[in-house]
Amino acid sequence: MKNINGLLGINDSYQAPTKIMEILYDRKRREELFMKFLEAFNFDVSYDWFHYYFQDEHADRKQKKQDFTPVGVADLLTALTGVDEGTTYDCAAGTGGITIRKWQAGRTRTSLVEYKPSNYLYVCEEVSDRAIPFLLFNVLIRGMNAIIIHCDVLSRNTYGVFFVQNDKDNPNGFSSLNVVPYSQDLASFLAVKFVEERYSNLIESKEYPAHLYDYSSKQAI
């Protein structure tokens with residue numbers, strides 16, 4: 001396993017979620033960290049680097065039976081659902097392993113010249129406070145366009161919504177991070193119930209929020 005703690009500058013793995021979230025809020029720091037991770041993993045972004053790290057160090061495998069989907073199963077799901085352009089929904093997304101394999105299949109189905117991140121939107125829902133920072137890290141570093149919802153997928157109780165956007169539609173670029181302000185329109189659009197606001201507002205994209213939603217038609221742009 002790579003020295004993830006060393007890359008994050010922490011001594012113990014329990015510090016990782018808080019440390020990652022702190023860094024993600026600072027664009028300069030996170031993109032410097034992204035480059036360190038890319039170099040450490042030989043620029044292979046085709047899989048979730050945090051799969052075993054999170055499962056071994058952070059998952060509640062005894063009480064909550066938190067085990068990650070094997071890559072082979074993720075690839076099977078991708079094959080069954082196809083890799084057409086459009087929106088992909090991943091409930092109980094964890095740190096994003098399935099979403100990453102879906103993204104990998106989508107971006108490699110065409111040449112780098114033809115691939116446009118804006119043709120794909122990933123909607124991920126996850127309830128774990130510890131998993132959310134890793135999930136955000138994974139979609140940001142890969143330049144995805146994504147809506148990350150920190151919620152219970154059954155009760156729909158929601159604690160935060162993030163809009164991740166590849167502002168320049170650059171296949172090799174990182175995404176911006178936007179914490180979406182709560183509103184009734186947003187709650188209706190996402191079919192969620194806002195019960196607590198755990199994240200301070202952050203808007204990095206100049207196009208946000210108009211680029212995210214067309215509430216009149218209730219469709220994602």
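Tell me the GluC sites (Glu not before Pro) within segment 95-166 that lie in a loop according to DSSP and have at most 12 other beta-carbon atoms within 10 Å.
Loop-located and lightly packed - 114.
Near residue 100, within a Cβ-to-Cβ distance under 13 Å, what is the net charge of the other residues, with Lys and Arg +1 and Asp and Glu -1?
0
Name the trypsin sites (Lys or Arg not before Pro) in segment 103-177 that are in a loop by DSSP and that have at most 15 other C-beta atoms within 10 Å, would you?
Sparse-neighbourhood loop trypsin sites (Lys or Arg not before Pro): 109, 168.
Each value in this text was obtained by applying a stated rule to the coordinates, not by laboratory testing. A quick note: this is a predicted structure, and the numbers were derived from the prediction, not measured. Don't worry about glycine lacking a Cβ; one is built from the backbone with ideal geometry, like all the others, and counts go over all protein chains shown.
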